[in-house]
1. Scan the range 83-106 and report the pairs whose first residue is under 18 Å from ALA44 (Cβ atoms) and in contact (Cβ under 8 Å) with a residue 12 or more places away in the chain and whose second residue is among the hydroxyl-bearing types (Ser, Thr, Tyr) and surrounded by fewer than 19 Cβ atoms within 10 Å (Cβ to Cβ), with Cβ atoms within less than 6 Å and a gap of 6+ or a chain change.
2. Within the group ILE129, ILE122, ILE62, ILE138, which residue is touching a Leu at 6+ places or on another chain (Cβ under 7 Å), assigned to a helix (DSSP H, G or I) and either within 24 Å of THR8 (Cβ to Cβ) or modelled with pLDDT of 95 or more (or both)?
3. Using beta carbons and a limit of 8 Å, which pairs, at least six apart or on different chains, have the first residue in the range 52-66 and without any contact (Cβ under 8 Å) to a residue 24 or more places away in the chain and the second one aromatic (Phe, Trp, Tyr) and in a helix (DSSP H, G or I)?
4. Which of the following residues is surrounded by fewer than 19 Cβ atoms within 10 Å (Cβ to Cβ), part of a helix (DSSP H, G or I) and either touching a Leu at 6+ places or on another chain (Cβ under 9 Å) or hydroxyl-bearing (Ser, Thr, Tyr) (or both): THR68, THR113?
5. Of these, TYR42, TYR7, which one is closer than 24 Å to SER100 by Cβ and outside any loop (DSSP other than H, G, I, E, B)?
6. Output the number of the condition that GLU105 fails; it satisfies all remaining conditions of (1) modelled with pLDDT under 95; (2) over 22 Å from PHE29 (Cβ atoms); (3) exposed (fewer than 15 other Cβ atoms within 10 Å of the Cβ); (4) not β-branched (Val, Ile, Thr).
7. Residues of the range 10-30 being surrounded by 11 or more Cβ atoms within 10 Å (Cβ to Cβ), of a type in the set (A, V, I, L, M, F, W, C) and assigned to a helix (DSSP H, G or I), which ones?
8. Which of (1) under 26 Å from TYR7 (Cβ atoms); (2) assigned to a helix (DSSP H, G or I); (3) not small (Gly, Ala, Ser) is the odd one out, the single condition LYS75 does not satisfy?
Amino acid sequence: METYSWYTQLVKPTWAPPSWLFGPVWTVFYAIIAVTYGTVFYKAFTKEIPWVVALPFALNLIFNFAFTPIQFGLKNNLLASIDILLVVGTLIWALWALYSFGLTEHIETGAPTYAWIIYANIPYLVWGIFATVLQLTITFLNR
């Protein structure tokens, strides 16, 4: 309850979504992440894709899971802002790495491009960019 009280007392922009929306949105995104990242890690374990392609996916998970303890455990908006920038940065890197690898493999061998994984993560990327702007704004408003 103390965490909820702390968050409600923060100054937020008028365009901030209601707090109750975050749970359902992240439930959908975690389902997408489980399927798509699981596929990437499986393909890396079976050597269908190199580990260097899976690396940004792993880093994205670490930064993603670190956000809530930083924001709500430590109650540190600045560190949460840095972390969410890393979430979006590693997600862009991950999707680009998979795209580049898939495109190269497809041209050379006719292998699949893994485009479905990229497309499935576009809503997560859009939400991540929105959440980053929101977090940076909250950090600025509560400095």
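The values are calculated or read from the model by the stated rules, or taken from the named source; none is laboratory data. Model, not experiment: these values are computed from the prediction. As a convention, Cβ positions derive from the backbone with ideal geometry for all residues, glycine included, and neighbour counts pool all protein chains shown.
1. Pairs that qualify, where the first residue is under 18 Å from ALA44 (Cβ atoms) and in contact (Cβ under 8 Å) with a residue 12 or more places away in the chain and the partner is among the hydroxyl-bearing types (Ser, Thr, Tyr) and surrounded by fewer than 19 Cβ atoms within 10 Å (Cβ to Cβ), are GLY102/THR113.
2. Working: ILE129 fails: touching a Leu at 6+ places or on another chain (Cβ under 7 Å); ILE122 fails: touching a Leu at 6+ places or on another chain (Cβ under 7 Å); ILE62 fails: touching a Leu at 6+ places or on another chain (Cβ under 7 Å).
Sole residue among the options that is touching a Leu at 6+ places or on another chain (Cβ under 7 Å), assigned to a helix (DSSP H, G or I) and either within 24 Å of THR8 (Cβ to Cβ) or modelled with pLDDT of 95 or more (or both): ILE138.
3. ALA54/PHE41; ALA58/PHE41
4. Working: THR113 fails: part of a helix (DSSP H, G or I).
Only one candidate qualifies: THR68.
5. After ruling out the rest, the residue left standing is TYR42.
6. Looking at each condition in turn, GLU105 falls short on (3).
7. Start the filter on the range 10-30 by keeping residues that are surrounded by 11 or more Cβ atoms within 10 Å (Cβ to Cβ), which leaves 10-13, 16-17, 19, 22, 25-26, 28-30.
Adding the requirement that they be of a type in the set (A, V, I, L, M, F, W, C) leaves 10-11, 16, 22, 25-26, 28-29.
Those that are surrounded by 11 or more Cβ atoms within 10 Å (Cβ to Cβ), of a type in the set (A, V, I, L, M, F, W, C) and assigned to a helix (DSSP H, G or I): PHE22, VAL25, TRP26, VAL28, PHE29.
8. Of the numbered conditions (1) under 26 Å from TYR7 (Cβ atoms); (2) assigned to a helix (DSSP H, G or I); (3) not small (Gly, Ala, Ser), the odd one out for LYS75 is (2).
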